[in-house]
Structures are given as C-alpha cells and as structure tokens.
Amino acid sequence: MTVLVTGGAGYIGSHMTLALVDLGRPVVVLDDLSTGFRSAIPDGVPFVEGCVGDEELVGRVIAEHGVEAIVHFAGSIVVPDSVTDPLGYYLNNTVRSRALIASAVAGGVKRFVFSSTAAVYGEGSSEPLTETAPLDPVSPYGASKLMTERMLADASRAYGLAYAALRYFNVAGADPEGRAGQSSARATHLIKVASQAAAGLRDKLQMFGEDYPTPDGTCVRDYIHVTDLAKAHVLALDYLAAGGASLVANCGYGRGASVREVISSVKRVSGADFLVEPAPRRDGDPASLVADPSKARSTLGWTPDHDDLDEIVGHALAWERRLAERGAAA
Ligand SMILES: NC(=O)c1ccc[n+]([C@@H]2O[C@H](COP(=O)([O-])OP(=O)(O)OC[C@H]3O[C@@H](n4cnc5c(N)ncnc54)[C@H](O)[C@@H]3O)[C@@H](O)[C@H]2O)c1
Ligand SMILES: O=c1ccn([C@@H]2O[C@H](COP(=O)(O)OP(=O)(O)O[C@H]3O[C@H](CO)[C@@H](O)[C@H](O)[C@H]3O)[C@@H](O)[C@H]2O)c(=O)[nH]1
C-alpha cells in the first residue's frame, strides 16, 4: 500500500514519513517546498515537487506510484497570518484540498487522513473538548480546515472515500533520535520560539496576553509530541485499511499548559534564562484548548509514549541545538 504524504517536507509530515519508512511501508512525498525543506525527506523516499491543487500532477503521482492512501499535511498553518490573509488561507487550505480530494476520487484512492485542528472548536465550550463540542472557529485558519472536514464528510458519503480527520492540538517536540524537527527559522510556535530564545538565537520571547480568563492569565494549550502524533496517523491508516468507518478524532493528551508554564519548562530544561516581554493579545487566539483524547484511544488504540512537557521541550531544544550546529558548519 503506497502512501502519498502531502507536505512531507514539513514539520509533521517529515515525522510521518519517517514513521512509515521505519515500518518499511512504501511512501511518496508531494510538497511545493513553500515552508518545507527538501533535506527533511529521508534518503530513498520518492519526492515530487508540486502543489496539491495540481490535479493533473496528483493524478499522475497516484497512477505511477500505485497510491492507495493519502495523508494530507500540506497547508498554511499560522493562525495570525490567516487573520490578515484569509483568502490566501482559504485558497491553500480549502480550495486546494478540494482539488486533492477530487484527484483521490478520480484516481480510485479509497483512504484519506487529514490534518485538522483544535482551531475548529468555538470558544467557551466546557473542557476537555470532545469531538461533539460546538464547531465555531475563531480564526480563518480554523474555518479553512473545518470546510475541508465538511468536504471529506460529503465526499465520503457520495463516493465511498473513507477518511480520518485528526484534530491536532498543539504539536511540538522533535524526533527522539534527532532525525527530524521543526526547521522553519520564522516559526511562530511557542515551544519552538522559546527554544530558539534558550539557544541564544533570539534575544527575547514575547508573551501574548496576560489577561485571559485562565488560572495564570495566559493562554492554555494541550501540547502533543510530534512522534506520538505520527503514531496516531499510522494507526488511522491501519484502521481505515481494516474497513473502519470514517472518523473525526482529537489528538492531544487531555492536559493543558499555560504560556507561563511552557516558558518555565523551557528555562528549567535548558538551564538558560532569556528575556520574556509582556505583549498585547495576538489576533485569533482562543483562551484555552484542551482535548478529550478518549476517542483516538478507544477507536484507534492510540497510546502516547511521550506525554511529558519537559520531554517534549527537551527534544525541541536538542533539535534547535542541532540546527545551530549545522548553521555554524554551513
Ligand atoms: N503544527 C501544529 O501545531 C499543527 C496543529 C494543528 C494542525 N496542523 C496541521 O498540520 C499540517 C502540517 O503542519 P506543519 O506544522 O508540519 O507545517 P509545515 O509548514 O512545516 O508543513 C506544511 C508543508 O506543506 C507544504 N505545502 C504547503 N502548501 C502546499 C501546497 N499547496 N502543495 C504542496 N505542498 C504544500 C509546505 O512546503 C510544508 O512542507 C498542516 O495542515 C497544519 O494545518 C499543525
Ligand atoms: O512567541 C510566542 C508564540 C506564542 N505565544 C502564545 O502561545 C500560545 C500557543 O501559540 P502557538 O504555539 O503559536 O500555537 P497556536 O496559535 O495555539 O496554534 C497551533 O495550534 C493549533 C491547534 O491548537 C494549530 O491549529 C495551529 O496550526 C498551530 O499553529 C498562544 O497563546 C500564543 O499567543 C506567545 O505568547 N509568544
């Protein structure tokens, strides 16, 4: 069963590609390298440079590689950017996903795993969030992903495409063996940015908002290790291959950490101090997002191996140091 990994040169997609290679499963990567890196794709894995919205290209990849399942990571991911450029986000995340789904249907691909997000949930629902919590995205990013979920649900009914939409909470950390990590220098994610500050690559960290209705006033998120997330995708592929019904499932640990707690963890684990500057709230940020992950556990048999904030931070820091060494060597 060849798996087409879109966005496989990116952060999460490269970890999924590694997970498939580790299991000896055939894989082909499609990525336009807009935010991904050619070097993130393991040696020996076929790579096609191009856009998921290019139906002619995707049709050819499906036929030439005998693709039986698609794992769709490709997309634009920065929540505040989606507030300033909503149409760009609807184009890359929604319109091009529609084209990819159409290519899957036309090419006879029967299984599809999609990178959805906790950003599809509305504010104010009781936590932890189950999949049945009201869907009312605060940001265009969340809306662009929810529209793709809806297209998949309709395509599944109409054309028999079986899908798993995995709603990731906040993905962080790096491959424990140091083979992959979050490489984007302009990354905006808290653990990545704090790791860069700890490694001396930034002079400070801004803390966006201290007046949220949370225990310490800063936003609360459910941080999940990227390797545990890749494992959930492998299980989702196996579940669909075994005839499992289409599903939507949260991927998180069910425990929240505030921005202040994350910063403390990064300082503790790195042993480095860095400047933390209070800043205004960032557009599009909900106060709190914490998953109820029981569906992924019961339906997919998912059990996390790295459910520990300090461990996640330790792996992120190790990757940051590796990047710094490579930069120094370049
Ligand atoms: N990082 C998180 O915390 C998080 C949380 C929830 C959901 N997600 C979703 O997970 C997926 C992967 O995120 P990531 O953190 O690895 O981001 P990333 O930017 O590292 O990876 C995205 C990859 O997709 C590629 N890409 C973008 N548009 C493309 C297109 N039109 N055609 C082909 N390739 C394209 C990029 O070059 C990049 O390699 C995204 O869909 C994102 O929305 C991420
Ligand atoms: O320099 C920084 C960066 C972030 N934050 C705060 O840290 C929290 C987490 O932010 P970030 O790491 O940027 O993640 P989110 O905005 O929560 O979004 C991530 O998590 C979502 C799921 O919860 C995914 O859908 C998105 O793709 C992914 O970027 C938020 O309160 C931010 O305001 C700061 O205070 N300072």
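General observations
- Just one of the listed residues (Ser144, Ser139, Ser246) is modelled with pLDDT of 95 or more, within 16 Å of ligand 1 (Cβ to nearest atom), farther than 22 Å from Leu309 by Cβ and hydroxyl-bearing (Ser, Thr, Tyr), namely Ser144.
- Any hit, the range 115-127, residues being open to solvent by less than 10 Å² (accessible area, probe 1.4 Å), touching a Phe, Trp or Tyr at 6+ places or on another chain (Cβ under 8 Å) and either of a type in the set (A, V, I, L, M, F, W, C) or away from ligand 1 (no atom under 16 Å from the Cβ) (or both): yes
- Any hit, the range 51-60, residues being within 18 Å of His233 (Cα to Cα) and within 9 Å of ligand 1 (Cβ to nearest atom): no
- The set of residues in the range 57-77 being within 23 Å of the chain's Cα centre (by Cα) and either open to solvent by less than 20 Å² (accessible area, probe 1.4 Å) or farther than 26 Å from Ser184 by Cα (or both) consists of Val58, Val67, Glu68, Ala69, Ile70, Val71, His72.
- Considering (1) assigned by TED's automatic domain parsing to the domain that holds Leu146; (2) touching an Asp or Glu at 6+ places or on another chain (Cβ under 6 Å), the lone condition that Pro286 does not fulfil carries the number (1).
- Selection over the range 190-216 of residues that are more than 8 Å from ligand 2 (Cβ to nearest atom), open to solvent by less than 70 Å² (accessible area, probe 1.4 Å) and either touching a helix residue (DSSP H, G or I) at 6+ places or on another chain (Cβ under 7 Å) or not assigned by TED's automatic domain parsing to the domain that holds Ser265 (or both) gives a count of 5.
- Residue check, Ala174 more than 10 Å from ligand 2 (Cβ to nearest atom), closer than 17 Å to Ala249 by Cα and within 14 Å of the chain's Cα centre (by Cα): no
- Filter result (of a type in the set (Phe, Trp, Tyr) and open to solvent by 40 Å² or more (accessible area, probe 1.4 Å)) within the range 157-189: Tyr159
- Selected residue (only one of Asp54, Asp85 is among the charged types (D, E, K, R) and either outside the structural domain of Gly244 (by TED's automatic domain parsing) or within 16 Å of ligand 2 (Cβ to nearest atom) (or both)): Asp85
- Screening the range 271-290 for residues that are open to solvent by less than 70 Å² (accessible area, probe 1.4 Å) and in a strand (DSSP E or B) and picking the one that is nearest to ligand 2 (Cβ to nearest atom) gives Leu289.
- Of the residues making up the range 19-56, those that are of a type in the set (A, V, I, L, M), open to solvent by 10 Å² or more (accessible area, probe 1.4 Å) and out of contact with any Ser or Thr (no Cβ under 9 Å at 6 or more places or on another chain) are Val21, Leu23, Leu33, Val48.
- Where a residue in the range 130-145 is outside the structural domain of Arg282 (by TED's automatic domain parsing) and its partner, wherever it lies, is of a type in the set (D, E, K, R) and away from ligand 1 (no atom under 15 Å from the Cβ), with Cβ under 7 Å and at least six apart: Thr130/Asp292; Glu131/Lys295; Val138/Glu123
- Filter pass, Tyr223 being open to solvent by 10 Å² or more (accessible area, probe 1.4 Å), over 20 Å from Asn93 (Cα atoms), in contact with a Leu (Cβ under 7 Å, 6 or more places away or on another chain) and among the hydroxyl-bearing types (Ser, Thr, Tyr): yes
- Residue satisfying condition, being more than 20 Å from Leu229 (Cβ to Cβ), surrounded by 16 or more Cβ atoms within 10 Å (Cβ to Cβ) and over 21 Å from the mean Cα position of the chain (by Cα), within set Val138, Val83, Val109: Val109
- Across the range 254-268, the number of residues qualifying as in contact (Cβ under 8 Å) with a residue 60 or more places away in the chain and not basic (Lys, Arg) comes to 6.
The values are calculated or read from the model by the stated rules, or taken from the named source; none is laboratory data. Keep in mind that what you see is a predicted model, and the values were worked out from it rather than measured. Heads up, the Cβs are rebuilt from the backbone with ideal geometry, glycines too, and the neighbour counts pull from every protein chain shown. Each accessible area value is taken on the protein alone, full model and side chains, heavy atoms only, with ligands, DNA and RNA left out. Shrake-Rupley method; radii C 1.70, N 1.55, O 1.52, S 1.80 Å.
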